[in-house]
Amino acid sequence: MSTVEYVKASRLYPGNPVPAVDELSLEIADGEFLVLVGPSGSGKSTALRMLAGLEEVTSGEIRIDGVDVSDASPKDRDIAMVFQSYALYPHMTVGENMGFALRLAGVGKADIATRVARAAAMLDLTGHLDRKPKALSGGQRQRVAMGRAIVRSPRVFLMDEPLSNLDAKLRVQTRTEIASLQRELGTTTVYVTHDQTEAMTMGDRVAVLKDGVLQQVATPRELYDRPVNVFVAGFIGSPAMNVLPVTLTAEGVQLGDLTVPVGPAARGALGSGEGAQLGVRPEALHLTGDGTGLRLDVAVVEELGADAYLHGSLGAGDGRRPLVVRVDGRTPPRAGSTVHVGLRPDEVHLFRGGDGARVDAAG
Amino acid sequence: MTIAAAPVPADLRAPTRQPASRRRRGRGALQPVVAVLATLALLGVPFWLVVSTASKSQAEAFDPDLSPPGSWQLLTNVREVVTDGDMVRAFFGSVLVVAPSVFLVLVLGSMASWVLARRGGRGMAVVYALMISGIVLPPAVVTIVLLLRQLGLAGTPTGMVGVYTGMYLSTVVFFVTGFIRTVPHELEEAARVDGAGPVRVFFTVILPLLTPVLSTATILIVLYIWNDVFYALFVLGGQLDTLPLNLFRVASAGLYLQNWHLIFAYVIVMSLPLLLTFVIAQRKIISGITGGAVK
């Protein structure tokens, strides 16, 4: 049972002036499942490896249970890590792989066998303990990697994209298994992924990173409903939020023929309105059917069964902007047709120019 | 080693050029036959010469040729060289030199290779170049012997082991460094997170993965050292007999003079440990030992 704290932790690689992780400050509560998410090169894996002790902490601190471990070697941190490539020892059997850490720790043979057997039972690996990793399927190898971590009952689990080598169906299934296993064990977990769906479905809280800088850390719901900037807004949610340039007028912000009213505080925050952007999720848009609202030329219709997504463009000429709208899957418009869409003012997000920070429209 | 060109599979040939492809098919069938016959002649003739001569009586073997022995008496000849030729003592002499040399060269070589493979930088590249330069640079026999005399190691097994270890370290470093570069970093990281220090990581994770390449190196180095006369003669010269030195001594001392049947019997007996080494080590040369480590 442990807490983890990043205190202005940075990782600077020699010969590169831009830090891979830039003054990351993050508190992870005991038993929490925290997901680090971001695009490639966002520093999420580096941040995790810093916690593992596999990357040096150039400045700042990393604390486990309040104790600074920045300079401790990995073996002294009592953490277990699941690697993206699993990194199973190929010359050891599944059982030996899982018991390796315990053997190094000097745990007795009988005790190791019991603990390995218990973990194997949890992961449905009991029949495979005498096999070598080579003889296992991808999903089984993934579970062995999990088992190697579980057996140790460490203070913290670290997982570095553990599902990215599985096929789509297995990934969804394993996602739930890992999440429920973590709830059951109650071990503090830091999980790295580039997949925002994984982040949203698994994490108690999600930390979004970009270029080594923490953008926002919040519950999945809050990230989705109140993204702090344009980057988070565009990164979280699939299909992505529509982000469109708007102009500030006397009545509010104007998007084509539509005007979204803004409060006085929001108006102040938007300043001149230069570079202001409006974000609206595909499901916050609806077909009006009566010719009012925004005119959308539908280019592609993605039918997913229950829903369909219209991919089209707004406006004409240089001002054309792509837009995605979610509609009922049973009666979608045809590709090539023209429809009119409306939006609900309470489901739009406003972002100011420059840093792209969120502005509350009602404020 | 000869490499025979593999015949082009039928389905890869251009279907429109019938005559040419038929000609090629004729040549394609001939190539393996020629290759096999050439190999048989190259390996078979000397082998037959050794076995048949070793099985002859002294009179028959006086002038070695390819004719079969009148009566096969290989075992009698073998018994004679083992007892009269002092082979048992020489065998232990050889083992005393070969075993520690091979052990040291493999352990030290793979430890050095691990560091060389994992650390980057220009300095490391220079060290690596120095380490493997031993493969191409000729060993300076005279200086080696002088140095050993000054150290008081001339004529001792320790000195001999030192010379062999130094000579073949380059070969091992060259082989193993390349191999370690193909071992995924994550395996070491996983071991470190699992609680292993550097020594543990090396002996429990890296070394077992090196089995195939170390087996290859073992075969080669045992072969060189076991059969070595040249360096042994200069370094050990009369102080300790290895099998080849012993053969040289007893043969020139008159026992085997013109006794080709005994010399060849000696050669056969002397080769048996090599054969055993090969049989054991080549089983470990299985490709894809890292299979299942990652992905």
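Each reported figure results from applying straightforward, stated rules to the coordinates on display, with no laboratory input. Predicted model, so just to flag it, every value in this text is computed and none were measured. All Cβ positions, even for glycine, are placed from backbone atoms using ideal geometry, and neighbour counts span all protein chains on display.
Summing -39500 (n - 2.57) over the DSSP H runs of n ≥ 4 in chain B and dividing by its residue number, what mean residue ellipticity at 222 nm do you reach, to the nearest 500 deg cm²/dmol? Working shown, then result.
Details: 12 runs with 201 residues, N = 295.
Value at 222 nm, helices only: -23000 deg cm²/dmol.
Once both axes come from the Cα atoms, what is the angle between helix A:138-151 and the longest principal axis of chain A, in degrees from 0 to 90, rounded to 10?
60
When A:Met241, B:Met111, B:Met87 are ordered from fewest to most other Cβ atoms inside 10 Å of their Cβ, what list results? Each step should come with its number before you reach the end.
Numbers: A:Met241 24, B:Met111 17, B:Met87 21.
Lowest to highest Cβ neighbour count: B:Met111, B:Met87, A:Met241.
Let me check the size of the protein assembly as shown from its C-alpha atoms; what are the radius of gyration and Dmax in Å?
Spelled out, the Cα radius of gyration and Dmax of the protein assembly as shown are 36.7, 123 Å.
May I ask you to sort A:Asp318, A:Asp71, A:Asp65 by Cβ crowding, counting other Cβ atoms within 10 Å and putting the fewest first? Provide the component values of the computation, followed by the final result.
On the way: A:Asp318 5, A:Asp71 11, A:Asp65 15.
The order, fewest Cβ neighbours first, is A:Asp318, A:Asp71, A:Asp65.
Could you work out the helix-only [θ] at 222 nm for chain A, with each DSSP H run of four or more residues adding -39,500 (n - 2.57) and the total divided by the number of residues, to the nearest 500 deg cm²/dmol?
The helix-only estimate for chain A comes to -7500 deg cm²/dmol at 222 nm.
For B:195-201, what's the mean count of beta carbons from other chains sitting within 10 Å of each residue's beta carbon? Spell out each step's value before the answer.
Details: counts 15, 6, 3, 1, 0, 2, 1.
So the per-residue partner count for this stretch is 4.
So which DSSP H runs in chain B come out at 18 Å plus along the axis (Cα) with average Kyte-Doolittle of at least -0.5? Display every interim value, and only then the final one.
Numbers: long enough: B:18-54 (54 Å, 0.60); B:87-118 (45 Å, 1.77); B:122-136 (21 Å, 1.69); B:157-180 (31 Å, 1.34); B:211-227 (24 Å, 1.46); B:260-284 (37 Å, 1.43).
Answer set is B:18-54, B:87-118, B:122-136, B:157-180, B:211-227, B:260-284.
Using a basic spin-label model with each label point 7 Å from the Cα along Cα→Cβ, how many nm lie between B:Gln258 and B:Thr158?
So the label points at B:Gln258 and B:Thr158 sit 4.6 nm apart.
Distances over 17 Å make up what percent of all Cα-Cα pairs in the range B:174-279?
On the way: 3736 of 5565 pairs.
The share of Cα pairs beyond 17 Å in the range B:174-279 comes to 67 percent.
Across every pair of different alpha-carbon atoms, what Kirkwood hydrodynamic radius in Å does the range A:254-344 reach? Let's see the in-between values first.
On the way: mean 1/r = 0.0702 Å⁻¹.
Over the range A:254-344, the inverse of the mean reciprocal pair distance is 14.2 Å.
How far is helix A:94-104 tilted, in degrees, relative to the longest principal axis of the Cα atoms in chain A, given as a value from 0 to 90 rounded to the nearest 10?
Here the helix axis deviates by roughly 70 degrees.
Convex hull volume of the Cα atoms in the range A:68-116, per residue, in Å³?
Residue-normalised Cα hull volume stands at 104 Å³.
When 1/r is averaged over all different Cα pairs and the result inverted, which Kirkwood radius in Å belongs to chain B? Write out the running numbers ahead of the final one.
Details: mean 1/r = 0.0434 Å⁻¹.
Kirkwood radius, chain B: 23.1 Å.
May I ask which of A:Lys44/A:Lys132; A:Lys75/B:Lys284; A:Lys8/A:Lys44 have a Cα-Cα span longer than 22 Å here?
Details: A:Lys44/A:Lys132 31 Å; A:Lys75/B:Lys284 32 Å; A:Lys8/A:Lys44 15 Å.
Check vs 22 Å cut-off fails for A:Lys44/A:Lys132; A:Lys75/B:Lys284.
Determine the shielding of peptide A:56-62 by partner chains: average, over its residues, the number of Cβ atoms on other chains within 10 angstrom of each Cβ. Walk me through the numbers on the way to the answer.
Numbers: counts 0, 0, 0, 0, 0, 0, 0.
Mean partner shielding for this stretch: 0.
Assuming R0 = 51 Å, what is the FRET efficiency of B:Ile285 and A:Ala335, from their Cβ-Cβ distance, to the nearest 0.05? Don't skip to the end; give the middle numbers.
On the way: r = 60 Å, r/R0 = 1.17.
Step by step, r from the Cβ atoms, then E = 0.30.
So if I average 1/r over every pair of distinct C-alpha atoms in the range B:169-208 and take the inverse, what Kirkwood radius in Å does that give?
Values: mean 1/r = 0.0927 Å⁻¹.
Computed over the range B:169-208, the radius equals 10.8 Å.
Report, largest value first, the span of the C-alpha coordinates of chain A along each principal axis, in whole Å.
Over chain A, Cα extents along the principal axes are 75, 47, 36 Å.
Using Cβ contacts closer than 10 Å as the measure, can you line up A:Lys75, A:Lys109 from fewest to most?
On the way: A:Lys75 20, A:Lys109 10.
With the fewest neighbours first, A:Lys75, A:Lys109 line up as A:Lys109, A:Lys75.
What average number of partner chain Cβ atoms lie no more than 10 Å from the Cβ of the residues making up A:175-185?
Values: counts 0, 0, 0, 0, 0, 0, 0, 0, 0, 0, 0.
Per residue, the number of nearby Cβ atoms from other chains is 0 on average.
Defining a contact as two alpha carbons under 8 Å apart and six or more residues distant in sequence, what relative contact order in percent does the range B:79-294 show? If you can, show how the numbers build up before the last one.
Values: 200 pairs, mean separation 67.8, N = 216.
Normalised by residue count, the contact order of the range B:79-294 is 31 percent.
What FRET efficiency do you get for B:Arg118 and A:Glu274 if R0 is 30 Å and r is their Cβ-Cβ distance, rounded to the nearest 0.05?
Values: r = 52 Å, r/R0 = 1.74.
Here the calculated transfer efficiency is 0.05.
Calculated FRET efficiency, B:Ala59 and B:Ala140, Cβ-Cβ r, R0 30 Å, to nearest 0.05? Provide the component values of the computation, followed by the final result.
Values: r = 46 Å, r/R0 = 1.54.
For B:Ala59 and B:Ala140, the calculated efficiency is 0.05.
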